[in-house]
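Following: one structure in structure tokens, then a few remarks.
The values are calculated or read from the model by the stated rules, or taken from the named source; none is laboratory data. If you're wondering where the values come from, they're calculated on a predicted model, not measured in any experiment. We place every Cβ from the backbone using ideal geometry, glycine too, and count neighbours over all the protein chains shown.
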Amino acid sequence: MLKILDFFDYAKSESLWMAHFCTGCCSLEMAAAMGPRYDWERYGYMPTPTPRQADVLMITGLVSKKILPALLRTYAQMPEPKYIVALGACSFDGGPYNDSLAVIKNPTEILPADVFIAGCPPKPEAIIEGLEAVKKKIKEGIPSAASQGGLWKEMEF
Amino acid sequence: MEHLKELISRFSCAYVEDYKKIWIKAKLNSKDDLLDVAKALQTEGLRSLSTVSPTDFAEDGIMEINYFFEDLDTKRNLWLKVDLPRDEAVCEIESLTPLFASANWHEREAYSMFGVRFLHHPDLRDIIKSEDFRDKYPFRVDFDWDAHEKETVANVQQIVDAFKKEQSENEVDLESDSSETILNWGPTHPASGPIRLRVHCDGEEIISIDPDIGYVWRALEHLVTKKDFIGAIVAVERLCFMDNINSMVGYAMAVEEIAGVTITPFASWMRVLLGETARISSHFMGMGVFFNNMGLHTLAMWNMDTREFFLDFLESYSGARIATAAIEPGGVRYGLDMRMFDELQKALDKFDANIDEVEAIFVKNPTMRMRAAEVGRLSADEIHMFGLSGIVARASGVKTDIRIDEPYAAYDKLDLEYITQERGSARDRFVMIFEELKSSVAIIKKAKQHIEEAVANGEMNPTKDHMVKVPKKLPKGEAISRVEWARGEVLMHLVTQEKAKSPYRLKMRAPSFNHTMMLDYLLRGQTLSDIPLIFGSLYVCQGDLDR
Amino acid sequence: MSELFFNAFVFPGLLYVLIWTVGLFWFFRKFMAALHKRVGPSFNGKAGSYQTLFDLSKLLTKESITPDGVNPYLFSIMPLLAVIVAMLPSAFIPWMDSFVVIKSDYGLLALVVLIGIEPFLLFLTGFGSHNKYSFLGGIRILTQAISMETAFVLAALSPAILFSTLNLSAIVEQSSWFSFLVLFPGFILYFIALLGLLEQPPFNIPDAEQEIVFGFYTEYSGTNYFLLQVAMFAEFMAVFAGAVTLFLGAYKGIFFDSYLFFFLKMLSIALVMMTIRAATPRITLSQMLNFSWKYMVPLALLNIAWIFFAKSLWFMGA
């Protein structure tokens, strides 16, 4: 019995589907990661049209004030277990838009990310490496960061 | 040109002068003349209003409004200024929207950002800025951003409340026994990207569309004023990452004009080369998106395959695949190692090997023709009326291409010809992208050959000629520059103050703004299936839509 | 009893359908990737062959969300019903020589009816989802099913008319190279209608991602979505098997008869379907309706006339 459960846990870690949601420029490199040269499907990643079937939400770059509620709603619509990958400098501290006050500078304080991927925008290789880190995290049984805390729990959206 | 000048001189003007080759710059003494001037211009043939750009001179108490009128046929353009009092209560002017349909959203933007009220505007609502800025005008010089920023949580709450209020009320007016409904097409939608279309539809049929934009609003035009002239290119290139080089070229040209600097021939040829490379990488995406939106991903994948090779060249030149920051005022940022051309040659070979296949399978695709040949048609008159540019304009047979009309960089040394399509349908726009892709590759080949020959002759030094020094502090001045971007015309209006270290005002007129305005016009009465098709064919990038 | 158990849960029942689902899902992705100039699943197992097993297992064990405002019974029971109904036709298919689970003289009717019910169940999933996009998807699938099934049934009837029987085993026994040629127009019509019934391009209108998010799948997650996926692949199997049985001589092969040939024939239909998928954009609902009623249905009727003609010419003596 334990073996079967282990198998399902392993299956969860090896099959990550992304919600189709782009908040910023990094989605361009995400498209490149899907493309022939990098082809993230080799590792089993796949975009899905609706958040209901997704395992991973990618914060692709900047999060403006206006899109934040939509981002949180999308996260809430995903089924458990769900993970968040933050792409690019913007999702860490605003990046090149740090001076711009129309942009949320700390989106990952609101919605904590499991993995940060550096770059502006991160290269496709880096995106795939980041997703592999998510796999590792799932295999080690570490609960997702957003389930542990974050401002989003106190916010209404 | 002289006729136009004479026409303007009939009104009371502070000055009327020639500016560049195909521009006339004029300033009206009184805002009451505006409507008459606009009417006269329209009969004269200047039927497009490129943009409306207010500049806030707080010290003088003046809000200066710049209108950029264009005639896409005869290439006569007018830069018209008029002063308004800055005080919010009296900061108002007649709207030009009844005369120039293209002014609609541009005036809404000026209203949202600067609080200029346009009288008799049919639909003067906030656009782009989020709900927390309601009744606040963020681009006014005296707006206290930091105070606003302290309230982030409350601001987001305000946005949420407004959205919920809208969702609870938007269907109240609909009849209870009809099948009418309102769909949110985006922002969590596989084909939308960060934009929301409020689609008012009856079953499959669309009644009207109200685009809700601003989901990637970064206030770039305000952001550049916080940076120095070099640092500003970081913001400028993020106008849209798909073709970032050409937007930097536009900005650099404006700065160079104020600084009075001329760049070297090598730098100008490099701008052509890099610009076309970026254009190609953008067009590849555009073609892919068009077919993606009809449910076919193969073309996007094939294009991505070739595109990577062009990005390789950009990477070998600048170190970054996309965020290259390769153009700066005074030339291009880096010297050229001639071995980098090997990368470019690889990309060109790859392109040549694949392009026939793409044409046979996708450009001549019968199902695509069946879908797209009749929908989303725009006539040449509508192009003028709505101020459209780029591939959308040329697909309707309008001969406009800033690379030819007002050559910049080294485009005047290339024999370019207008590439146009006739019918202006969604399919023609797609074919237009494809044709332009081929012509861009031809330009790259010429530019590459020219640089190689000139370097071999010793006319250019690729490691030293790339930059001319531009002073860090610029004099007081004002310049506009236009570039042919992948998606159309980008107009940069740069204003500097005395001994400025950073831009005082930079208006970026981006083509997607006008193209998105067309959605409602084109989609009324069509079916839901046409939304992604026409949206894709208009070649919209949300980055430059919101800025 | 044990035979029934075997049929229901092993072959051609549950286990067979699950293996088929995993295998065909993998095959689709791998083949599609090749047409995209990509590699496709590659690192889990040999050539990524475990990937879809992992994907489906994950879906099976993930949280199933029942959104607010839906009727929970309708929402959750429909995927299960869809799977069962999609699996039933395989009971009537002659998979091997003298292997039919339910021997019936009306096997063809049962096949057509069971394939025909499926879209209505999927419509109910969309109807029960309390989501505008799901509902639009449901309406679309109903519209498409009604217009495509007319041609589908007419095309499926042509072998029955030719051989004067509704018994699938009898049809297979009487089929020959010559009858394949006579039935070829019917086969083409069946294949086009099949694309419409299975929502494959250019008729993937009901779950058009770019238009209505994911159609009736939009609100489904976890186990329910897993069931819908299995239902979809089981439906593939039923329709492919129908085509192979009716037109391509089922298990008949060169030199010897075997299930292997049946499988290869199904696979080749899947192959053609995927190639069309990779090269054809989607058409609109009104174009589909036009196409179906203006061309497919008249042609299917014409095909019936042709079958009668051929029968009177060559098959009366038999």
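Among the residues of segment C:63-75, is there at least one that is in a helix (DSSP H, G or I), within 7 Å of another protein chain (Cβ to nearest Cβ), on the phi < 0 side of the Ramachandran plot and surrounded by 15 or more Cβ atoms within 10 Å (Cβ to Cβ)?
No; the residues of segment C:63-75 include none that is in a helix (DSSP H, G or I), within 7 Å of another protein chain (Cβ to nearest Cβ), on the phi < 0 side of the Ramachandran plot and surrounded by 15 or more Cβ atoms within 10 Å (Cβ to Cβ).
I'd like to verify a number: residues in segment B:322-379 that are part of a helix (DSSP H, G or I), buried (at least 21 other Cβ atoms within 10 Å of the Cβ) and within 14 Å of another protein chain (Cβ to nearest Cβ), how many?
Residues meeting the conditions: 5.
Which residue, of B:Ser130, B:Ser179, is small (Gly, Ala, Ser), surrounded by 21 or more Cβ atoms within 10 Å (Cβ to Cβ) and either out of contact with any helix residue (DSSP H, G or I) (no Cβ under 7 Å at 6 or more places or on another chain) or farther than 30 Å from B:Lys20 by Cα (or both)?
It is B:Ser130.
Yes or no: segment B:346-354 includes at least one residue that is basic (Lys, Arg) and either within 30 Å of B:Lys464 (Cα to Cα) or touching a residue at least 12 places away in the same chain (Cβ under 8 Å) (or both).
Within segment B:346-354, one or more residues are basic (Lys, Arg) and either within 30 Å of B:Lys464 (Cα to Cα) or touching a residue at least 12 places away in the same chain (Cβ under 8 Å) (or both).
Here are B:Asp36, B:Asp87, B:Asp73: which of them is out of contact with any Ser or Thr (no Cβ under 6 Å at 6 or more places or on another chain), among the acidic types (Asp, Glu) and within 26 Å of B:Ala380 (Cβ to Cβ)?
Result of the check over B:Asp36, B:Asp87, B:Asp73: B:Asp73.
Return the only residue of C:Phe31, C:Phe11, C:Phe5, C:Phe43 being surrounded by fewer than 21 Cβ atoms within 10 Å (Cβ to Cβ), out of contact with any strand residue (DSSP E or B) (no Cβ under 8 Å at 6 or more places or on another chain), within 16 Å of C:Ala238 (Cβ to Cβ) and aromatic (Phe, Trp, Tyr).
It is C:Phe11.
Which residue, of B:Leu274, B:Leu296, B:Leu220, B:Leu239, is over 30 Å from B:Gln167 (Cβ atoms), facing another protein chain (nearest Cβ under 9 Å) and of a type in the set (A, V, I, L, M, F, W, C)?
Only one candidate qualifies: B:Leu296.
Given A:Met18, A:Met1, A:Met46, which one is surrounded by fewer than 21 Cβ atoms within 10 Å (Cβ to Cβ), at pLDDT 85 or above and out of contact with any helix residue (DSSP H, G or I) (no Cβ under 7 Å at 6 or more places or on another chain)?
Matching residue, one of A:Met18, A:Met1, A:Met46: A:Met46.
Within segment B:401-444, can you find the residues that are of a type in the set (Phe, Trp, Tyr) and either in the same structural domain as B:Lys21 (by TED's automatic domain parsing) or under 25 Å from B:Leu519 (Cβ atoms) (or both)?
Within segment B:401-444, B:Phe430, B:Phe434 meet the criteria.
For segment B:450-547, list the helices (runs of 4 or more DSSP H) that sit wholly inside it and hold at least 1 residues that are within 11 Å of the chain's Cα centre (by Cα) and farther than 19 Å from B:His222 by Cβ; which are they?
Here the list reads B:511-523.
For segment B:86-105, which positions are out of contact with any Asp or Glu (no Cβ under 9 Å at 6 or more places or on another chain), of a type outside the set (A, V, I, L, M, F, W, C) and without any contact (Cβ under 8 Å) to a residue 60 or more places away in the chain?
Those that are out of contact with any Asp or Glu (no Cβ under 9 Å at 6 or more places or on another chain), of a type outside the set (A, V, I, L, M, F, W, C) and without any contact (Cβ under 8 Å) to a residue 60 or more places away in the chain: B:Asp87, B:Glu88, B:Glu92, B:Pro98.
Among the numbered criteria (1) surrounded by 19 or more Cβ atoms within 10 Å (Cβ to Cβ); (2) among the β-branched types (Val, Ile, Thr); (3) modelled with pLDDT under 85, which single criterion is violated by C:Val83?
(3)
For segment C:202-216, which positions are more than 10 Å from chain B (Cβ to nearest Cβ) and touching a Pro at 6+ places or on another chain (Cβ under 8 Å)?
C:Gly215, C:Phe216
Between B:Val172, B:Val90, B:Val82, B:Val156, which is in a helix (DSSP H, G or I), among the β-branched types (Val, Ile, Thr) and either touching a Pro at 6+ places or on another chain (Cβ under 6 Å) or not assigned by TED's automatic domain parsing to the domain that holds B:Ser396 (or both)?
B:Val156
Quick test for you: out of B:Gly186, B:Gly193, pick the one residue that is within 14 Å of chain C (Cβ to nearest Cβ), surrounded by 19 or more Cβ atoms within 10 Å (Cβ to Cβ), within 20 Å of A:Gln77 (Cβ to Cβ) and out of contact with any strand residue (DSSP E or B) (no Cβ under 6 Å at 6 or more places or on another chain).
Checking each option against the conditions leaves just B:Gly193.
Of the conditions (1) in contact with a helix residue (DSSP H, G or I) (Cβ under 8 Å, 6 or more places away or on another chain); (2) within 11 Å of another protein chain (Cβ to nearest Cβ); (3) not in a helix (DSSP H, G or I), B:Cys201 fails just one. Which one is it?
Only one criterion is unmet by B:Cys201, namely (1).
Please state which of the following conditions B:Lys446 fails to meet, knowing it meets all the rest: (1) free of Cβ contacts under 8 Å to residues at least 60 places away in the same chain; (2) in contact with a strand residue (DSSP E or B) (Cβ under 8 Å, 6 or more places away or on another chain).
(2)
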